[in-house]
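Asks: Have a look at this one before I ask anything.
The values are calculated or read from the model by the stated rules, or taken from the named source; none is laboratory data. These figures come from a predicted structure and were not determined experimentally. For neighbour counting, all protein chains shown are included, and Cβ atoms are generated from backbone atoms with ideal geometry for every residue, glycine included. Just the protein is used for accessible areas: all its heavy atoms, side chains included, with ligands, DNA and RNA removed. Shrake-Rupley method; radii C 1.70, N 1.55, O 1.52, S 1.80 Å.
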Amino acid sequence: MYENLLPRFLKYVKTETRSDHESTTTPSTATQIAFAHELEKEMIELGLQDVIYNEKNGFVIGTLPSNTTKAVRTIGFIAHMDTADFNAINVNPKIIENYDGQSTINLDSEGKYTLNTTDFPNLKNYAGQTLITTDGSTLLGADDKSGIAEIMTAMEILIKNPDIKHGTIKVAFGPDEEIGVGADKFDVPQFGADFAYTMDGGPVGELQFETFNAAQAEITIEGKNVHPGTAKNTMINAIQLAIDFQNALPAAEVPEKTEGAEGFFHLMAISGSPEEAKMSYIIRDHDRQKFEDRKRQIQAVADQLNAQFDHPRVHVEQYDQYYNMREIIEKDMSIVELAKDAMTALGIEPVIEPVRGGTDGSKLSQMGLPTPNIFAGGENMHGRFEFVSLQAMEKATDVIVKIAEMNAK
């Protein structure tokens, strides 16, 4: 049943599809367009129908028609094509068969980069399994090419096994999830699903329907630079104001000091001179009211600093990025229960916890397509220590098939 899963995955990760946050195009990189057309061809060869590449949003979509006479809801399965902001050129996967759950894995030939149970205790969960790792010079791309491979393989299984009854299934592979804009132009009516799942989670069992509310704040600080020898009561050092701004925010409410449902302010970038400084923050909270309070707190700090001067010198621009998809999904928890039941039927214990981040499902849910997130198997995402278990990908594939089957009962 899984004979093509690993070859698919290896082929996908060797194809460079890194997104670019500075780009103004959709998709943000030409490599994603090329990869979308490769997937388009594969979907047609596989036997999916109505396969279309949408040039406006960068998604390639297809349909597996229903093979049951029952009237059942149409399900979508979605994964993203792009990889994160880390070297993704010349990905050279390594395959470790029957990993013992204890040994150190040398990624590069010099042993400079290793996967070991001291730094990565999650390795102990994979005794006896086949691991796919990097060679230490790139990321792997399991986020989210494992999801693509799993969806493709699940569709292949359903096509080859018509005795497994299912309703209409929609498939979509899209761009730019890693830079937070992939779902912005998604055409929900064109897709035509009643609900969907992103195959974009981590270890086996993850089932997520709650994400952060997210915003970004861009701070521009106007200084006044004069010679330091005559600066008293005249110079306004924009760098110092930036420091003051950061210090006015709660010191404990940062990513490195929070967990679970705790929100934070994250200073992502700072640059400048005494004349001008710029700061970039992301603002996160699961609770909508606390989220709005955090945005107001950012502006309040600016107002407090500006009160020192005859005109405003700290300028704030804030914009929302996405919202907690729970607001939508909790209105009909049957789609979460369906995924839970499918996992349970396969002997997989569902692990339900809030995402300390977002998924394409965050935006898709707000756009009218409720979309929880299901595990795809990868660990240590976005860097050279990324790995995935073949057995985890097989289980994710099984979950897709089982959801389709149970939806038709």
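Asks: Step by step: first the residues of the range 1-28, then only those that are closer than 16 Å to PHE173 by Cα and among the small types (Gly, Ala, Ser), then the one that is farthest from the chain's Cα centre (by Cα). Which residue is that?
Replies: Here the residue is SER28.
Asks: Just name the residue that is farthest from LEU249 (Cα to Cα) out of those in the range 209-237 that are assigned to a loop (DSSP other than H, G, I, E, B) and touching a Lys or Arg at 6+ places or on another chain (Cβ under 8 Å). Let's see the steps before the verdict.
Replies: Restricting attention to the range 209-237, the residues satisfying the condition of being assigned to a loop (DSSP other than H, G, I, E, B) are 209-212, 223, 225-227, 231-235, 237.
Keeping just the survivors that are touching a Lys or Arg at 6+ places or on another chain (Cβ under 8 Å) gives 209-212, 223, 234-235.
Working: PHE209: 29, GLU210: 26, THR211: 23, PHE212: 19, GLY223: 21, THR234: 26, MET235: 24 Å.
Checked the range 209-237; the qualifying residue farthest from LEU249 (Cα to Cα) is PHE209.
Asks: Could you pull out the residue among ASP100, ASP82 that is surrounded by fewer than 15 Cβ atoms within 10 Å (Cβ to Cβ), touching a residue at least 12 places away in the same chain (Cβ under 8 Å) and within 30 Å of ASP135 (Cα to Cα)? Explain how you work it out, then say what you get.
Replies: On the way: ASP82 fails: surrounded by fewer than 15 Cβ atoms within 10 Å (Cβ to Cβ).
Of the residues listed, the single one that is surrounded by fewer than 15 Cβ atoms within 10 Å (Cβ to Cβ), touching a residue at least 12 places away in the same chain (Cβ under 8 Å) and within 30 Å of ASP135 (Cα to Cα) is ASP100.
Asks: Take the conditions at pLDDT 95 or above, surrounded by 13 or more Cβ atoms within 10 Å (Cβ to Cβ) and under 17 Å from the mean Cα position of the chain (by Cα) and apply them to THR31. Does it pass?
Replies: On the way: at pLDDT 95 or above: yes; surrounded by 13 or more Cβ atoms within 10 Å (Cβ to Cβ): yes; under 17 Å from the mean Cα position of the chain (by Cα): no.
No; evaluated as a whole, the condition is false for this residue.
Asks: Give me the pairs: first residue in the range 252-279 and closer than 17 Å to PRO354 by Cβ and of a type in the set (Lys, Arg), second residue open to solvent by less than 50 Å² (accessible area, probe 1.4 Å) and at pLDDT 95 or above, beta-carbon distance under 6 Å, and six or more apart or on different chains, which are they?
Replies: Going by the 6 Å Cβ cut-off, there are no qualifying pairs.
Asks: Any residue at all in the range 243-251 that is out of contact with any strand residue (DSSP E or B) (no Cβ under 7 Å at 6 or more places or on another chain), over 27 Å from ASP85 (Cα atoms), assigned to a loop (DSSP other than H, G, I, E, B) and among the polar types (S, T, N, Q)?
Replies: no
Asks: Could you identify the single residue in ILE169, ILE148, ILE132 that is within 17 Å of ILE95 (Cα to Cα) and either at pLDDT below 95 or surrounded by 22 or more Cβ atoms within 10 Å (Cβ to Cβ) (or both)? Explain how you work it out, then say what you get.
Replies: Working: ILE169 fails: within 17 Å of ILE95 (Cα to Cα); ILE148 fails: within 17 Å of ILE95 (Cα to Cα).
Selected residue: ILE132, the only one of ILE169, ILE148, ILE132 that is within 17 Å of ILE95 (Cα to Cα) and either at pLDDT below 95 or surrounded by 22 or more Cβ atoms within 10 Å (Cβ to Cβ) (or both).
Asks: Note down all Cβ pairs under 8 Å where the first residue falls in the range 197-208 and is part of a loop (DSSP other than H, G, I, E, B), the second is basic (Lys, Arg) and open to solvent by 10 Å² or more (accessible area, probe 1.4 Å), and they're at least six residues apart or on different chains.
Replies: Matching pairs, first to second residue: VAL204/LYS395.
Asks: Would you check which residues across the range 48-79 are in a loop (DSSP other than H, G, I, E, B), open to solvent by 50 Å² or more (accessible area, probe 1.4 Å) and of a type in the set (A, V, I, L, M) and list them?
Replies: Passing the criteria: only ALA71.
Asks: Here's another thing I want to ask about it. Write out, first by first residue and then by second, each pair whose Cβ atoms fall under 7 Å of each other, whose residues are 6+ apart or on separate chains, and whose first residue, in the range 109-127, is without any contact (Cβ under 8 Å) to a residue 60 or more places away in the chain while the second is aromatic (Phe, Trp, Tyr) and open to solvent by less than 30 Å² (accessible area, probe 1.4 Å).
Replies: Listed by first residue and then by second, the contacts come to ALA127/TYR99.
Asks: Are any of the residues in the range 225-232 in contact with a strand residue (DSSP E or B) (Cβ under 7 Å, 6 or more places away or on another chain) and open to solvent by 10 Å² or more (accessible area, probe 1.4 Å)? Working first, answer last.
Replies: Taking the range 225-232 as the starting set, the residues that turn out to be in contact with a strand residue (DSSP E or B) (Cβ under 7 Å, 6 or more places away or on another chain) are none.
No, there is no match, as no residue in the range 225-232 is in contact with a strand residue (DSSP E or B) (Cβ under 7 Å, 6 or more places away or on another chain) and open to solvent by 10 Å² or more (accessible area, probe 1.4 Å).
Asks: Here is a follow-up. Return yes or no: is PRO121 in contact with a strand residue (DSSP E or B) (Cβ under 8 Å, 6 or more places away or on another chain) and under 25 Å from MET199 (Cα atoms)?
Replies: Working: in contact with a strand residue (DSSP E or B) (Cβ under 8 Å, 6 or more places away or on another chain): no; under 25 Å from MET199 (Cα atoms): yes.
For PRO121, the condition - in contact with a strand residue (DSSP E or B) (Cβ under 8 Å, 6 or more places away or on another chain) and under 25 Å from MET199 (Cα atoms) - is not met.
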